[in-house]
1. Residue check, I81 against (1) touching a residue at least 40 places away in the same chain (Cβ under 8 Å); (2) assigned to a loop (DSSP other than H, G, I, E, B), all met but one. Which one?
2. Just to be sure before I move on: is Q153 touching an Asp or Glu at 6+ places or on another chain (Cβ under 8 Å), modelled with pLDDT of 90 or more, open to solvent by less than 100 Å² (accessible area, probe 1.4 Å) and not hydrophobic (A, V, I, L, M, F, W, C) in the structure I sent?
3. Do you know which residues across segment 182-196 are under 16 Å from A213 (Cβ atoms) and either among the charged types (D, E, K, R) or assigned to a strand (DSSP E or B) (or both)?
4. Inspect all residues belonging to segment 2-24 and state whether any of them is out of contact with any Lys or Arg (no Cβ under 7 Å at 6 or more places or on another chain), charged (D, E, K, R) and at pLDDT 95 or above.
5. Can you tell me which residue in segment 209-237 is farthest from the chain's Cα centre (by Cα), limited to those that are within 24 Å of I23 (Cβ to Cβ) and open to solvent by 40 Å² or more (accessible area, probe 1.4 Å)?
6. Is at least one residue of segment 198-208 at pLDDT below 90, open to solvent by 70 Å² or more (accessible area, probe 1.4 Å) and under 26 Å from V101 (Cβ atoms)?
7. Restricting attention to segment 186-197, and to residues there that are of a type outside the set (A, V, I, L, M) and under 18 Å from K231 (Cα atoms), which single residue is surrounded by the most Cβ atoms within 10 Å (Cβ to Cβ)?
Amino acid sequence: MTSKANTTNALIFKSASLFALRIVLNSSDLAALKEAITRKMTEAGSLFKDEAVVLDATRISEAPDWSALLSHLQANHLPVIGVMAEGSVLDSARKAGLVPVTLSTPSNAGRVADEPPAAPIPQVAPATPEPKPAEAPQAEPTLVIKRQLRSGQRIYARNSDLIVIGAVGRGAEIIADGNIHVYGPLRGKAIAGARGNTQARIFSTHLDAELLAIAGIYRLIDADFNQSLIKQAVIVELENESLTFIANDEHK
């Protein structure tokens, strides 16, 4: 019999952060979904291979054939770890064995107040001095990496910006919840606004990336990309759910 002392340290529970690829379903038509998945994976090559996937089914009102869809995703090396859905679509997803998940996004990101604040309520001066207000919580410091990143290496700046001083090689991946700055050749993948910050930007002094993404909107840097921007200083922004590329003349 195994003693309690021997099993105490058999495992340890630790918190962890996981980068997941979110696939938004705009249709429940299985044939259309399978065709779109195959096309996207062909375009992306191995960039998304074996990435953890969350299926976002919040835009559809009718459930797809979950079993067939999951099989097709698995065949394309896209392991599904959860689903976002509502109502009957969520019920059917649960029955198919999918786990409901919630992807966090920054509160009030880019939000404009709908109305002016109400007028302040008059206060009677207290008899004793008011306590000093608590200090505002400090933002996470910017993560600075001063080295070359090689294929297979991944850096994630949680709740902060990321600055890389050096080259980001092909097959390397840099991720930040805020902005990304690369002072050197950017040849791998750069993913800014990883938790949904649509105001995040990517700054590169030498753009030659495989893939760029902001708040889940991505762009492959392929033969159809504007070749005049390749190996140039570029600022990448998100505008109307599309990435915009701006030549940064200051770094030429």
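1. So the condition that I81 fails would be (2).
2. Details: touching an Asp or Glu at 6+ places or on another chain (Cβ under 8 Å): yes; modelled with pLDDT of 90 or more: yes; open to solvent by less than 100 Å² (accessible area, probe 1.4 Å): yes; not hydrophobic (A, V, I, L, M, F, W, C): yes.
Answer is yes for this residue.
3. Of segment 182-196, the ones under 16 Å from A213 (Cβ atoms) are 182, 186-196.
Result: V182, L186, R187, K189, A190, I191, A192, R195.
4. The answer is no, given that none of the residues of segment 2-24 is out of contact with any Lys or Arg (no Cβ under 7 Å at 6 or more places or on another chain), charged (D, E, K, R) and at pLDDT 95 or above.
5. Quick first cut of segment 209-237, residues within 24 Å of I23 (Cβ to Cβ) only: 209-222, 224-225, 236-237.
Within this subset, residues satisfying the condition of being open to solvent by 40 Å² or more (accessible area, probe 1.4 Å) are 210, 216-219, 222, 224, 237.
Values: E210: 16, G216: 5, I217: 9, Y218: 10, R219: 13, D222: 21, D224: 24, E237: 15 Å.
Ranking the candidates gives D224 first.
6. no
7. Going residue by residue through segment 186-197, those that are of a type outside the set (A, V, I, L, M) are 187-189, 193, 195-197.
Of the ones still in play, those that are also under 18 Å from K231 (Cα atoms) are 187-189.
Values: R187: 21, G188: 25, K189: 23.
Among residues in segment 186-197 that are of a type outside the set (A, V, I, L, M) and under 18 Å from K231 (Cα atoms), the one surrounded by the most Cβ atoms within 10 Å (Cβ to Cβ) is G188.
Matching residues to (1) under 28 Å from T38 (Cα atoms); (2) modelled with pLDDT of 90 or more; (3) crowded, with 16+ Cβ neighbours inside 10 Å:
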position: R94; (1), (2), (3): yes, yes, no
position: G97; (1), (2), (3): yes, yes, no
position: P117; (1), (2), (3): no, no, no
position: T142; (1), (2), (3): no, yes, no
position: I145; (1), (2), (3): no, yes, yes
position: I175; (1), (2), (3): yes, yes, yes
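The values are calculated or read from the model by the stated rules, or taken from the named source; none is laboratory data. As the structure is a computational prediction, the values presented were derived from the model and not from experiment. Note: ideal-geometry Cβ built from the backbone for every residue, glycine included; neighbour counts use all protein chains shown. Side chains included, ligands, DNA and RNA excluded: accessible areas come from the protein's heavy atoms. Shrake-Rupley method; radii C 1.70, N 1.55, O 1.52, S 1.80 Å.
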